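**Student:** Mind looking over this structure? Questions follow.
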Amino acid sequence: MGLRERKKEKTRLALLDAALDLFLEQGYESTTVEQIAGAVEVSPRTFFRYFTSKDHLALWFHDQGEEIMLDAMRSRPEGEPPFTALMHALRAVLSDLHDSTPEDSERFLKLRRLLDKYPHLVGQSVARSAETEQRLAGLVAARRGVDPGEDQLSHLIVAYAMSTMRVGFECPRHDGTMQEVVRRMEETIELAEGSLRPGWDL
């Protein structure tokens, strides 16, 4: 990463940190884009170079996770069963979480508290996850040689795989360390893999 890219990433993370702190301290609805930008000493115009809205800020984890999963899926062997490829993609996300810096871990846990406090953001999170599932279903359908707009099984495979991430993230529902969250997600992935009937080649 060059100097320009490092500066941009530093500003992006500073805006994210300021936003999460303000959301939790004074309330999501009460926090404005102007306040977030001001906390980092940049203009609102600069804010919009990095994020499209407050909601985009609150759902930053989805952008990061989707990019990792799509890249991982595209890198898997062509003949690999789609569900197996998806499990590898999920583990790529967990690997990224496992290697997180203390600052990344703190952001992740703040996001969890934010979603607990503001249920309407959970709805937006679900909608954002649906977008990711559509893109993954397209990749699964391509592996299976079918039309993603017509093939229900491709969407079911993705929905089943992605539900493991949701269950691992949400159950049991309490704050903990990043490593605890990753461990629960790993356990849930193993449960999902073990629940398939012998001979099912998804």
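The values are calculated or read from the model by the stated rules, or taken from the named source; none is laboratory data. These figures come from a predicted structure and were not determined experimentally. Quick reminder, even Gly has a Cβ in these numbers, built from the backbone with ideal geometry, and neighbours come from all protein chains shown. Accessible surface is based on the protein model in full, side chains and every heavy atom, while ligands, DNA and RNA are left aside. Shrake-Rupley method; radii C 1.70, N 1.55, O 1.52, S 1.80 Å.
**Student:** Take the alpha carbon atoms of segment 1-54, find their center, do the same for segment 72-140, and report the distance between the two centers in whole angstrom.
**Tutor:** If you average the Cα positions of each part, the centres end up 22 Å apart.
**Student:** Out of 56, 92, 125, whose Cα points farthest toward the positive end of the dipole of the chain (charges: +1 Lys, Arg; -1 Asp, Glu; placed on Cβ)?
**Tutor:** It is 56.
**Student:** Put 61, 48 in order of accessible area, largest first, 1.4 Å probe: what do you get?
**Tutor:** 48, 61
**Student:** Solvent-accessible area per residue for the chain at a 1.4 Å probe radius, Å²? Please list the in-between numbers first.
**Tutor:** Working: 11070 Å² over 202 residues.
I get 55 Å² per residue for the chain.
**Student:** Using +1 on the beta carbon of Lys and Arg, -1 on that of Asp and Glu, and nothing else charged, what's the dipole of segment 100-146 about the Cα centre, debye to 20?
**Tutor:** Values: 9 positive and 6 negative charges, 28 e Å.
It comes to approximately 140 debye.
**Student:** When the accessible area of the chain is split by element with a 1.4 Å probe, what percent falls to carbon and sulfur? Walk me through the intermediate numbers first.
**Tutor:** On the way: 5850 of 11070 Å².
The C+S portion of the solvent-accessible surface of the chain is 53 percent.
**Student:** Translational diffusion coefficient of segment 2-160 at 25 °C, 0.890 mPa s, Stokes-Einstein with Kirkwood Rh over Cα pairs, in µm²/s as a whole number.
**Tutor:** So the translational diffusion coefficient is about 141 µm²/s.
**Student:** Provide the solvent-accessible area of residue 42, counting protein heavy atoms only and rolling a 1.4 Å probe, rounded to the nearest 10 Å².
**Tutor:** 40 Å²
**Student:** Could I ask something else about it? How high is the FRET efficiency between residue 70 and residue 150 when r is their beta carbon distance and R₀ equals 25 Å, given to the nearest 0.05?
**Tutor:** On the way: r = 22 Å, r/R0 = 0.87.
It comes out at approximately 0.70.
**Student:** Ranked by accessible surface with a 1.4 Å probe, highest first, in what order do 186, 150 come? Working shown, then result.
**Tutor:** Values: 186 85, 150 145 Å².
Result of the area sort, largest leading: 150, 186.
**Student:** Rounded to the nearest 10 degrees, what's the angle between the helix 152-170 long axis and the longest principal axis of the chain, both from Cα atoms, 0 to 90?
**Tutor:** Helix 152-170 and the main axis of the chain meet at about 50 degrees.
**Student:** Could I ask something else about it? For the chain, what does -39500 (n - 2.57) per DSSP helix run (n ≥ 4), summed and divided by total residues, give at 222 nm, in deg cm²/dmol to the nearest 500? All intermediate terms of the calculation are to be shown ahead of the outcome.
**Tutor:** On the way: 10 runs with 156 residues, N = 202.
It lands at -25500 deg cm²/dmol.
**Student:** Once phi is turned into θ = phi - 60°, what whole-Hz ³J(HN,Hα) does the Karplus curve with 6.51, -1.76 and 1.60 give for every residue of segment 103-110, x standing for Gly and Pro?
**Tutor:** Each residue of segment 103-110 in turn: 5, 4, 4, 5, 4, 4, 6, 5 Hz.
**Student:** Less than 14 Å Cβ to Cβ from residue 2, Lys/Arg counted +1 and Asp/Glu -1: what total charge do the surrounding residues give? Write down the numbers at each step before the final one.
**Tutor:** Numbers: positive: 4, 6, 7, 8, 10; negative: 5, 9.
Taking every other residue near residue 2 into account, the sum is +3.
**Student:** Oh, and also: Please report, to two decimal places, log10 I(q)/I(0) for segment 80-173 at q = 0.15, 0.26 Å⁻¹ as given by the Debye formula with identical point scatterers on the Cα atoms and no solvent.
**Tutor:** Ignoring solvent entirely, the Cα scatterers give -0.69, -1.35.
**Student:** Which whole-number percentage describes the relative contact order of the chain, with Cα contacts under 8 Å and a sequence gap of 6 or more?
**Tutor:** On the way: 155 pairs, mean separation 40.6, N = 202.
Computed over the chain, the figure is 20 percent.
**Student:** Working with all protein chains in place, sort 62, 155, 120 by solvent-accessible area computed with a 1.4 Å probe, largest first. Walk me through the numbers on the way to the answer.
**Tutor:** On the way: 62 35, 155 60, 120 80 Å².
Sorted descending by solvent-accessible area, the residues read 120, 155, 62.
**Student:** Taking 0.36 nm per intervening residue step and subtracting the Cα-Cα distance, what contour gain separates residue 10 from residue 84 on full extension?
**Tutor:** Details: separation 74, 0.36 × 74 = 26.64 nm, distance 3.57 nm.
That works out to 23.1 nm of additional length.
**Student:** Something else now. Taking only Cα atoms, what is the 0 to 90° angle, nearest 10, from helix 82-98's long axis to the longest principal axis of the chain?
**Tutor:** 30 degrees
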